[in-house]
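The values are calculated or read from the model by the stated rules, or taken from the named source; none is laboratory data. Only a predicted model underlies this, so the values are computations on that prediction, with no experimental measurement involved. Neighbour counts run over all protein chains shown; Cβ positions are idealised from the backbone, glycine included. Ligands, DNA and RNA are stripped out before the accessible areas are found, and what is left, the full protein with its side chains, is counted by its heavy atoms. Shrake-Rupley method; radii C 1.70, N 1.55, O 1.52, S 1.80 Å.
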Amino acid sequence: MPNNLVVVESPAKARTIEKYLGPGFQVLASYGHVQDLVPKDGAVDTEGDYALKYQVTPGHEKHLRKIASALKDCDALYLASDPDREGEAISWSLYSLLNKRKKLGEKKTYRVVFHEVTPEAVRQALEHPRDLSDDLVNAYQARRAIDYLVGFNLSPLLWRKIAPKLSAGRVQSPALRLIVEREDEIEAFQPREFWTVDALLDKDGHGFPAKLHTLDGKRLKKFDLENEEQANAAREQVQAHATELAVASVERKERKRNPAPPFTTSTLQQEASRKLRFSARRTMQVAQQLYEGVDLGSGPVGLITYMRTDSVTLATVALNNLRQTIKERYGEDQMPPSPRRYKTRTRNAQEAHEAVRPTDAARTPEQTRGKLSDDQQKLYELVWKRAVACQMIPAVIDQVSVDLGCGPGTQLRATGSHVRVPGFMQVYREGSDEAIVNQNSSDERYLPELREGERVALQEVKANQHFTEPPPRYTEASLVKTLEEYGIGRPSTYADTLSTLTSRKYAEIDKRTFFPTALGKVVCNFLTEHFSRYVDYEFTAQLEDSLDRVARGETEWIPVVDSFWKPFHQQVNEKSETVSRQKAQMMRELGTDPESGKPVRVRVGRYGPFVQVGDREDEEKPRFASLREGQSFETITFEEAMDLLVLPRSLGVGDDGELIEVNIGRFGPYVKYGPKKYVSLPKGEDPMTVTREQADELIAEHRHREANRTIQDFGVDDIQVLNGRYGPYVTNGKRNAKIPKGEDPAELTLEQCQELLAAAPPRKRRASRAKRKS
């Protein structure tokens, strides 16, 4: 009978640790946070020292009861949740609930932390327990209180002024502002023309490029050649000189490039985005799996250290482990005489942990291949390479710059580079994994051996036109980097922040870059104009710094929350009274409808921009029309708006006597036929020009799919086997059940379907219309 109970967050970690500890210990999972704020107004008592009102997290009561039951026969409780602020809060919540329910009694309770799930790390943690940290818990409470107060006061204001179901957040809103402001920069950008004169030279059959560098004794700047006429004059000046050019000077330099430090949470998310095309959420999910333990054949083992960290430091034992691996794998000459030690430079960094690294560098990616999932293998390899490379010698790159005379005061310049000593680059390069010998890489630009006085052939000279480009839109990697540089939020929360921006339809991702939607622009404009302080980058970073001071025990948490709440609350009340819905929605009046005499406006709702004729207060209901793809609520004209109001377009009556119409809805353009039957128009089809013949084809295809949708209908309790978007499934209208692999959907019996449905979870139902309105 085990006499020690250990509680961790996840069942995966529990299984791994229980194997390490043996028969004297039982390990259970809390399944994350066991309590959360009550989901209603008043969860934070602003009149009573900001006391927080908690309830057991829905669905977690059974986990609590299991922990309480196991505790009856144990002498000691070890709270072993993650080693950060959230982990401390989970341990504190569990302790508080068990104590409140009188389940602890005289039992000893310990807080233990470990930064890697390995036998030695877990054993060391149990041998050196500590008390719960009031400072970390207070920092967590302050953060939850502020986030709640923002959400439960600012979000309802957005619902009243703009559209239902919108949200604002302490980190989310500044992140949205970054995306919108970058789009504004791009839209306001005026490209500027410039020209270059480029030559192709040759020495002994080896061609190489050069650029016009000096013209009439003056070094050329980017915009010195502003038009084709100037560029052609310069080209002719080079071309007229000779078919051969003399080497005027050769300058050689040696450049050393040092390896990047080991991963933090932020840099791991950035590199996984750039190299693996992982979203921040996907990166953190896979990293969690590697941290908690994966079975490589002899039981589960944690493969990387804790992945939520701002630190780039490495423990001495880890440094020795990495250096030993480098020595055995690449040779002793590939590491510096002493270990490299890195310092964190990120604003508001919390350095309680190590950097993200492999728990054992001797466990190479080759050894894990075939034992991990594809995602796990890719991320483990990334972490392993970065950690090993950070302890290797620098790369040495030879750079050469050659000037070639082509007339008095005029010179071309050719540049080349060569990696003489690959060093760490043989293992890893930040942002690129191209082979060192790749001639197209930025570190390998071939240039033949040249000496002063030598002559080389001028094969071709061209004048090339260029235009300056706007700043690039944010990718997940660059947005995470910018948020971290500003000190906004914590890297461990960035994955949720970016997901919220897209799930709320504030931004869309296309070709891996963020575009703000019309709704995102309206929300950002409202917050920037009326709550500028709370989306200000510096203010958000200072608030984050205040929360970190609470975590370090340097200040009390209640004054931090109080100094935020009082001016914020006053501003919410004021804006609620003074800002009109029309102004908040950036509603534009385009003109007057000639038929009804009512105003024609364009505005933005929860599902995007639309044209509206009339007001909700009118006796006759307003008319609405969604904007077409490519149209903007900021630039649409009165004529374009009136064209939209032609919709829905009637295409005549179908075979069933029902009207066939084309229209635009919240999910895009569609054809409606029969009693409430809808089929989407293919991408690129214009609802204003689609013909009856095209509509008939779409309807016929849709009817065919519908006819083949039902595989079996048992006529009992609405149980059917249907063809769905993702394959066949069983349903009764209340539950959907997957069909096991190998089973023929057409051969399933009623009893089998009933068993599958009994094991399936209930369908998540959408809120009723009345509830949505409220």
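Using the Cβ-Cβ distance between residue 165 and residue 697 with R0 set to 30 Å, the FRET efficiency works out to roughly 0.25. Give the distance, in whole Å, between the Cα centre of the range 627-672 and the Cα centre of the range 473-539. Using only Cα atoms to place each centre, the spacing works out to 32 Å.
Packing here is the average count of other Cβ atoms within 10 Å per residue, and on that basis the peptides 78-84, 117-123, 459-465, highest first, run 78-84, 117-123, 459-465. Using the Cα centre of the chain as origin and beta-carbon charges of +1 (Lys, Arg) and -1 (Asp, Glu), tell me which of 199, 64, 99 is placed farthest towards the positive end of the dipole. My answer, from the dipole projection, is 99. Bridgeable lysines around residue 40 (alpha carbons under 16 Å apart, same-chain partners fewer than 8 residues away excluded): 53, 165, 771. Have a look at the DSSP beta bridges in the chain and tell me what percent are antiparallel, nearest 5. Rounded to the nearest five, the antiparallel share is 90 percent. Considering only 590, 660, 117, the residue lying farthest towards the positive end of the dipole of the chain is 117, judged by Cα position with unit charges set on Cβ. Surface composition of the range 14-98: carbon and sulfur make up 49 percent of the accessible area, probe 1.4 Å.
Of the residues 666, 85, ranked by 1.4 Å probe accessible area with the largest first, the sequence reads 666, 85.
State which entries of 203/256; 66/103; 19/327 exceed 21 angstrom in Cα-Cα distance in the structure shown.
Details: 203/256 29 Å; 66/103 12 Å; 19/327 32 Å.
As for pairs spanning more than 21 Å Cα to Cα, those are 203/256; 19/327.
Suppose R0 equals 56 Å. What FRET efficiency, 1/(1 + (r/R0)^6) with r the Cβ-Cβ distance, do residue 677 and residue 55 give to the nearest 0.05?
Numbers: r = 44 Å, r/R0 = 0.79.
Working from the Cβ atoms, E equals 0.80.
In terms of packing, defined here as the mean over residues of other Cβ atoms within 10 angstrom, the peptides 679-688, 12-21 line up highest first as 12-21, 679-688.
Restricting to DSSP H runs of at least four residues, report the calculated mean residue ellipticity at 222 nm for the chain, -39500 (n - 2.57) per run over all residues, nearest 500 deg cm²/dmol.
Working: 22 runs with 274 residues, N = 774.
Mean residue ellipticity at 222 nm (helix-derived): -11000 deg cm²/dmol.
Considering the values (1) 257; (2) 318; (3) 220, which represents volume of the Cα convex hull per residue in Å³ as calculated for the structure under consideration? Read-out taken from this structure: (1).
How many angstrom lie between the Cα centre of the range 149-212 and the Cα centre of the range 357-422? Comparing the Cα centres of the range 149-212 and the range 357-422, I get a distance of 28 Å.
Order these peptides, 474-486, 589-601, 393-405, by their mean beta-carbon neighbour count within 10 angstrom, highest first.
Numbers: 474-486: 20.9, 589-601: 14.2, 393-405: 18.8.
By packing density, highest mean first, the sequence is 474-486, 393-405, 589-601.
Please calculate how many Å² of accessible area the chain carries per residue, with a 1.4 Å probe and no DNA, RNA or ligand atoms counted. Before the final figure, lay out the partial values.
Working: 39580 Å² over 774 residues.
Per residue, the chain has an accessible area of 51 Å².
Here's the picture: charge each Lys and Arg Cβ at +1 and each Asp and Glu Cβ at -1 in the range 617-726, and of 699, 688, 627 the one pushed furthest to the positive end of that dipole is 699. The charge dipole of the chain, taken about its Cα centre with unit charges on the Cβ of Lys, Arg, Asp and Glu (plus for the first two, minus for the last two), comes to roughly 2180 debye. Measuring between alpha carbons in the structure, the pairs from 521/598; 62/100; 481/505; 62/102; 521/672 lying more than 20 angstrom apart are 521/598; 481/505; 521/672. Using the alpha-carbon positions of the range 617-774, Rg (one decimal) and Dmax (whole number) come out as 20.7, 61 Å. Give the distance, in whole Å, between the Cα centre of the range 270-317 and the Cα centre of the range 39-63. So the two Cα centres are separated by 32 Å. With R₀ fixed at 25 Å, the C-beta to C-beta distance from residue 511 to residue 426 puts the FRET efficiency at about 0.20. Compared with the alpha-carbon gap, the fully stretched path from residue 743 to residue 624 is longer by 38.0 nm at 0.36 nm per residue.
Dipole size of the range 219-355 about its Cα centre, with +1 on Lys/Arg Cβ and -1 on Asp/Glu Cβ: approximately 440 debye, rounded to the nearest 20.
The modelled label-to-label distance for the pair residue 227/residue 705, using points 7 Å beyond Cα in the direction of Cβ, is 5.6 nm. Only Cα pairs under 8 Å and 6+ residues apart enter the sum, and on that basis the relative contact order of the range 123-253 stands at 14 percent.
Translational diffusion of the range 545-586 was estimated from the Stokes-Einstein equation, with Rh taken as the Kirkwood radius over Cα pairs; at 10 °C and 1.306 mPa s the coefficient is 128 µm²/s.
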